[in-house]
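Notes for the one structure printed next.
A short reminder: the numbers here are calculations on the coordinates, not readings from a lab. Owing to the predicted nature of the structure, the values given are computational and were not obtained by experimental measurement. Virtual Cβ from ideal backbone geometry, glycine too; neighbours counted across all protein chains shown.
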Amino acid sequence: MRVKLGCRLQYDLPQTTPMIVLLNVHYSRVGDLEYPDYLRTQPSVPLEGYRDGFGNWCTRLVAPAGTFTLTTEGFLRDSGGLDPVFPNAAQHLVQDLPNETLVYLLGSRYCDTDLLSEEAWRLFENTQPGWQRVQAICDYVHEHISFGYQHARATRTASQALFERTGVCRDFTHLAIAFCRCMNIPARYCTGYLSDIGEPMPHPPGDFAAWMEVYLDHEWRVFDPRNNIPRSVRVLIARGRDAADVPLTQTFGPNTLKEFTVWTHEVET
């Protein structure tokens, strides 16, 4: 299928403000774009691109005071298939894991494994290692946390999400990641587009989504504890240890977000 995707973010800035922006489709999906989803700004300012330590494409800029708008848009080809499921995917022993996965076993800013290890083992020690264990973690998180945008809080950690039992998709993801790491399963945070194509109406307003990738059977596998069902047209923008590594926009100064619009629509070929 052919999908139109993009976003528009508009800020009110009281002063000149440096920014780092992660809004472009991840390099792993660039080949599916009909043309590059270039970042555009209004007013126009110089842009400088670089790759961060996780391979994500980042853009540096300095925005002038006043109304400032960031926009990306593109057309992407997607199979329309659901997230793949591998129920027999095995868990690796820690000593057999590739070196590059080990950082995703460690605690991080929002995934406070030191506070969750005992509870993780209490809950999941008797589950079957591998895919079934990760799915049990996702089932628990999905049922334990009540979703609602009114519950959003940028400082909430995984342990706080467990205690408060409320949150948004990033909180579901942080808690599931932390539980996986406690159980010696590498897990990393992902953010990007997730369409409502094929989902029952009415669809909620467009937004970016958070999910996780878990290392099983020599591959990174997608799990989505917030939705907890396979979904279609999931388009990665960035990945890291947790949300602290991949803020879609990082502003170095006071700001007011005036508009936030995200779209993923199937269009005719």
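Fully extending the segment from F260 to N184, taken as 0.36 nm per residue of separation minus the present Cα-Cα distance, adds 23.6 nm. As a length-normalised measure over Cα pairs under 8 Å and 6 or more apart, the relative contact order of the chain settles at 31 percent. Think of it as helices only: each DSSP H run of n ≥ 4 in the chain is worth -39500 (n - 2.57), and spread over all residues that comes to -5500 deg cm²/dmol at 222 nm. With distances taken between every two different alpha-carbon atoms, segment 94-244 has a Kirkwood hydrodynamic radius of 15.4 Å.
Computed from the alpha carbon positions, the gyration tensor of the chain leads to an equivalent ellipsoid with semi-axes of 31, 21, 18 Å, biggest first.
Entry note, segment 94-244: relative contact order of 28 percent, from Cα contacts under 8 Å with a spacing of 6+ residues. Computed extension gain for E268 through R2, at 0.36 nm per residue and net of the alpha carbon distance, reaches 95.1 nm. For the chain, the longest principal axis of the C-alpha atoms and the axis of helix 113-124 are separated by about 50°.
Among 30-39, 100-109, 237-246, 217-226, sorting by the average number of other beta carbon atoms lying within 10 angstrom of each residue, highest first, gives 237-246, 217-226, 100-109, 30-39. May I ask for the angle, rounded to the nearest 10°, between helix 131-144 and the longest principal axis of the chain, with both axes built from Cα atoms and the value confined to 0 to 90°? Tilt of helix 131-144: around 70 degrees. Calculate the FRET efficiency for E199 and Q10 from the Cβ-Cβ distance with a Förster distance of 35 Å, rounded to the nearest 0.05. It comes to 0.80. Pick out, from Y110, Q95, C138, the residue whose Cα sits farthest towards the positive end of the charge dipole of segment 70-168, with +1 on the Cβ of Lys and Arg and -1 on the Cβ of Asp and Glu. It is Y110, whose Cα lies furthest towards the positive end. Under a 5 Å amide H cut-off, with hydrogens placed 1.01 Å from N, T166 pairs with S146 among residues at least 5 apart or on other chains.
Shape class of segment 202-245 from the Cα gyration tensor (axes a ≥ b ≥ c, square roots of the eigenvalues): oblate, since a/c reaches 1.5 or more and a/b does not exceed b/c.
Above 20 angstrom, tally the Cα pairs of segment 1-114 and express them as a % of all pairs, no decimals. The calculated P(r) of segment 1-114 puts 62 percent of pairs beyond 20 Å. Were the residues from L82 through Y35 laid out at 0.36 nm apart, the gain over their Cα-Cα distance would be 14.5 nm.
Descending by average beta-carbon neighbour count within 10 Å, the peptides 85-94, 134-143 line up as 134-143, 85-94, the highest first.
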